[in-house]
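Before any comments, here is the structure.
Here, each number is a calculation from the coordinates, and none is a lab measurement. Just so it is clear, the structure is predicted and the values come from calculations on it, not from any experiment. For neighbour counting, all protein chains shown are included, and Cβ atoms are generated from backbone atoms with ideal geometry for every residue, glycine included.
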Amino acid sequence: MAASPPPSDTFNVLWLQAASCGGCTMSALAADDTGLRRALERFGIRLLWHPSLSEESGAEALAVLEDCAAGRVRLDCLCVEGSVLLGPGGSGRFQMLSGSGKPMKDWIARLAARARHVVAVGSCAAFGGMPAAGHNPTDARGLHYSGWDLGGALGKGFRSTSGLPVVNIAGCAPHPGWIVETLAALALGGVSAEQLDALGRPRAYADHLAHHGCGRNEFYEFKASAARPSDRGCLMENLGCRATQAPGDCNIRRWNGYGSCTDGGYACINCTSPAFETPSGPFQETAKVAGIPVGLPVDMPKAWFVALAALSKSATPQRVRANAHADHVIVPPARRPQKLP
Amino acid sequence: MTATPTRLIVGPFNRVEGDLEVTLDIRDGAVTEARVNAPLYRGFEQILLGRPAADSLVIAPRICGICSVSQSVAAARALAGLERPDIPANGTLAANLILAGENAADHLTHFMLFFAPDLARECYAARPWFAAARRRFAASDGACAGTLLPARARFLHLMGLLAGKWPHSLALQPGGVTKAVDAGEKIRLLSIVAEFREALETHLFAAPLEAIAALEGTAALEAWVEAAPPEQGDFRLFLHIARDLGFAGLGHGPGRFVSSGSFGLFAPGVWSQGVPSDFDPARITEDHAHSWMEGGTLPPSAGQTRPAPDKPEGYTWCKAPRLDGQVAEVGALARQVVDGHPLARALIAARPGGSVHDRVVARLLELARLIPAMERWVHAIRPGEPFCAPPAAGIAEGGSVGLVEAARGTLGHWLTLQGGHISNYQIVAPTTWNFSPRDAQGNPGALEQALAGTPALPGETTPVAVQHVVRSFDPCMVCTVH
């Protein structure tokens, strides 16, 4: 038996897990320290079905999906978590939707055609993500993109019935705030194409860089770099940090109350960008040519970077240099009486 | 009475992590045979091939969003097996806290979001406890999750502090952790754990954690249940319902329990029909007879993953791990039985294969044991002393295994390096054990055994008792096949 039809004034969201690890949902469950369902209800959003939160299982769940695909229940938003597997040989058999005898890719195509909005939750659904790494053994795609290129599982020219492209809440996993705020903005009706960046990511978070607000800022300024895991220094020069290139407000807001990748002591791997899963070298080592990192801060001319890095290294206070190579503060800031004018 | 069995294909199974389909042969209102299908294959073992060794620390956690830390720990331990770092005490304590944080959060998530909502289904409307079950456990607005989901979110602040974020952290390294804890952060950690303890003691147990951990047998458990009204704590309400629905008689597994041990708190070993023995990972093999995989039976150190989607004997992407050629069950019940907790041993003495009741009880018992241990570990942290040993240079060749206890059981990563790059990587996850298919000898996997005899009533398209049995294992299907 299908669930009772939703009231007409709710914003109906159907959430499917394609080839996912479930991590986007796990991240979302902690939304606003209150839980996903409650965080969404505040905006009139109703989850028609969600793999972790709904009662309906088996035939009841298939009935919900069928009602949406047939247009019997209004589908305001289709959320897909996980990449879409086209393999083997275009059959989609690497992921069959249980109990339905049909590949997940076909369900997604049918439902996306009915949806007012289509949202890719996480970098897998956006660009292919980790399953697309290496030689991509399952022919994993994003909904709209395959890596940097248009042409995911839904085709290059896809538009949902609202006219918007797929909204890509990229991130591995995305911050729960990105998920809630994007869905809320869609429910409030205030999202236009101008509010998405060139890759369909909501500019509300993608116009920032993960570097903004990084707690290692002083070490970055002086190029006082960490040399090994747990060092407090800047992670860019040696340990592979891509925060100066990575879209995201990761260090402006907190993750799980207190954290961020760089606050946790490890490199940003640029998980909001296409192809982050296949870097040119090891994730935790900075690729360099002639001692200069290959991936420079975005918008920064190389010559200036080199010049400023040399200058700031020569100006590094001893305190900053010492603390960069320790896991706790070795030298505290000097304490002197404030000079009066 | 029906002469021929009817076949029922059940899916999609929600409130399990990932994709699951179960094929049931039913006769006379009960399951005669079950076949378990993990219908998603992503190819992580293929993706890891050729990558620089330490890239496993980024890739492996992304196998699973709910046991991400467990995957990180297994990957780090596999690397540590080659590098042999001298992990500082703080590094072990912080890693224990991160892993225990995930295990504890997962146990609570399983109870309140995945398992208990089935007790509030309309099919139980005639039971005397139904109104209470609706109030506490309903999937949409039950008060249990309404109260404890925010508590879980605030408990995960521990992850923000120690691991940067959850899921998918890079904080866990072969030599320890990347984040040192200072004196102020140590106090904050104590506050986080104290707040979670308070939520569990108020709502889930309505009792001190130590009182739950001290339950020394079935009589003590019964006495505890009777000592207060049924709605005094969600654990007590569950036990009342479990008694009425006969959960102790439902879902008997193979009766061979395996644990690799955890935190130095839960001992490793094997418990088979009352007989203890040592756990030796070298005696594990993976059988492909009914998997959509090429190749025969091999130990994971030499194992391969080559999909064969058209293999006629196959019915799942899951391989069939066996210990000494035999089926085993892993998870919280296995850990507590192997460790010798008196309540877990008493449950198993009554029913050697365990049951739906026993698995849920063991999970919550373990939760009650984990939180006090976490408090001790936070107290033991010494700010100012090291948290991570420097990485070893030049380890380029060799084989190693990293074992860890995820919330749902024993997880192993078998790593082989050549020229500093990964030349083989095999993962055997908890639900690979529990939800494995038949092997070449025709022996069904643990869930397949547990489902035999489960009631499937006329008119049920998704038999509710089958759902109880399946969810009692807390399956993580994304880890299962990876």
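Annotations
- Note on residue B:294 and residue B:191: their simple-model spin labels are 5.8 nm apart, each label 7 Å out from Cα toward Cβ.
- Distance from the alpha carbon centroid of region B:345-385 to that of region B:1-37 works out to 32 angstrom.
- Straightening the chain between residue A:300 and residue A:207 buys 31.9 nm, computed as 0.36 nm per residue apart minus the Cα-Cα spacing.
- For residue A:156, no aspartates and glutamates have a Cα falling under 14 Å of its own Cα, not counting residues fewer than eight places away in the same chain.
- The protein assembly as shown - convex hull of the alpha-carbon atoms, volume per residue in Å³: 166 Å³
- Averaged over the residues of B:23-32, the number of partner chain Cβ atoms lying within 10 Å of the residue Cβ comes to 0.
- For chain B: rounded, prolate or oblate by the Cα gyration tensor [a/c cutoff 1.5]: oblate
- Among B:286, B:122, A:237, the order by Cβ neighbours within 10 angstrom, fewest to most, reads B:122, A:237, B:286.
- Working from Cα pairs under 8 Å separated by at least six residues, relative contact order for chain B is 25 percent.
- For region A:1-117, the square roots a ≥ b ≥ c of the C-alpha gyration tensor eigenvalues yield an a/c of 1.5 or more together with a/b not exceeding b/c, which makes the shape oblate.
- Extent of region A:11-54 along its three principal axes (Cα atoms, max minus min coordinate, largest first): 29, 23, 13 Å.
- Considering only the protein assembly as shown, percent of DSSP beta bridges that pair antiparallel, nearest 5: 75 percent
- Eigen-decomposition of the gyration tensor built on the alpha-carbon atoms of region A:11-206 gives equivalent ellipsoid semi-axes of 22, 20, 16 angstrom, largest listed first.
- Measuring between alpha carbons in the structure, the pairs from A:313/B:165; A:313/B:179; A:102/B:165 lying more than 28 angstrom apart are A:313/B:165; A:102/B:165.
- Distance between the C-alpha centres of region A:142-160 and region B:432-482: 37 Å, rounded to the whole angstrom.
- Dipole magnitude for the protein assembly as shown: computed about the Cα centre from +1 point charges on Lys and Arg Cβ and -1 point charges on Asp and Glu Cβ, it is near 1600 debye.
- Region B:76-122-region A:257-278 distance, computed between alpha-carbon centres (Å): 21 Å
- In terms of its C-alpha gyration tensor, chain A comes out prolate, because a/c is 1.5 or above and the ratio a/b outweighs b/c.
- Chain A: relative contact order in percent, alpha carbon pairs under 8 Å with at least 6 residues between: 14 percent
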